[in-house]
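This report concerns only the one structure given below.
The values are calculated or read from the model by the stated rules, or taken from the named source; none is laboratory data. Because the structure is predicted, anything quoted here is derived from the model rather than measured. All Cβ positions, even for glycine, are placed from backbone atoms using ideal geometry, and neighbour counts span all protein chains on display. Note: accessible area is taken over every heavy atom of the protein model, side chains too, but ligands, DNA and RNA are not part of it. Shrake-Rupley method; radii C 1.70, N 1.55, O 1.52, S 1.80 Å.
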Amino acid sequence: MGLKPSEELEVVDQSIRIQAVFSPKFNLAFLQNSVPVLLELALVNDSEQDLSNLTLTLSSTPSFLKTKTWHIDAVSSGQKFHISDRDVQLDSGMLGRLNESETIQVSVTLTSKDEPIADCEQVIELLPRTQWSGIGHMPEMIAAYVQPNDTQVERLLKKSAAILR
């Protein structure tokens, strides 16, 4: 099946890439335990020219992540530039208010002289505070859901004590 002129595919230059790795799932327990949402961030310049005066912008829809901008002086041809400042401000109130999971779209855009030259989009699943991310993603976080002052725990302890007597 041939393409009509209006359906032609745009060829994107893959020689300049953003490598961003986000936690695929995130909730209030992760935030309270200082688990980072942005795990890795790097720019890869496989083009034949050096890049300069770059701006890298992170945003999300809905705005769970506060927009963050990095200014990068230069990335030489053939270089992979790692960004070590991956501290991103999060909307903790949004995490606390969630009653069911919500998907957010995260975008990272690289511009040079106000012209976009690369972008990267990923999805993060935000979980309500009472939902565990499961055995496949950070199983060690299950202990964060224990609430020793919950009334159900008190009832269970009294019932257990009565049975043991």
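Summary of computed values
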{"item": "Odd one out for Asp91, checked against (1) closer than 16 Å to Thr111 by Cα; (2) of a type outside the set (Gly, Ala, Ser); (3) open to solvent by less than 90 Å² (accessible area, probe 1.4 Å)", "result": "(1)"}
{"item": "Those residues of segment 24-56 which are open to solvent by 40 Å² or more (accessible area, probe 1.4 Å), closer than 13 Å to Asp85 by Cα and either in a strand (DSSP E or B) or among the hydroxyl-bearing types (Ser, Thr, Tyr) (or both), in sequence order", "result": "Leu39, Glu40"}
{"item": "Within segment 13-23, tally of residues that are out of contact with any helix residue (DSSP H, G or I) (no Cβ under 8 Å at 6 or more places or on another chain), small (Gly, Ala, Ser) and part of a loop (DSSP other than H, G, I, E, B)", "result": "1"}
{"item": "Total residues in segment 57-84, condition under 30 Å from Pro128 (Cβ atoms), open to solvent by less than 70 Å² (accessible area, probe 1.4 Å) and not in a strand (DSSP E or B)", "result": "2"}
{"item": "Selection status of Arg97, open to solvent by 20 Å² or more (accessible area, probe 1.4 Å) and either aromatic (Phe, Trp, Tyr) or without any contact (Cβ under 8 Å) to a residue 24 or more places away in the chain (or both)", "result": "yes"}
{"item": "Any chance Val108 is in a loop (DSSP other than H, G, I, E, B) and of a type in the set (A, V, I, L, M, F, W, C)", "result": "no"}
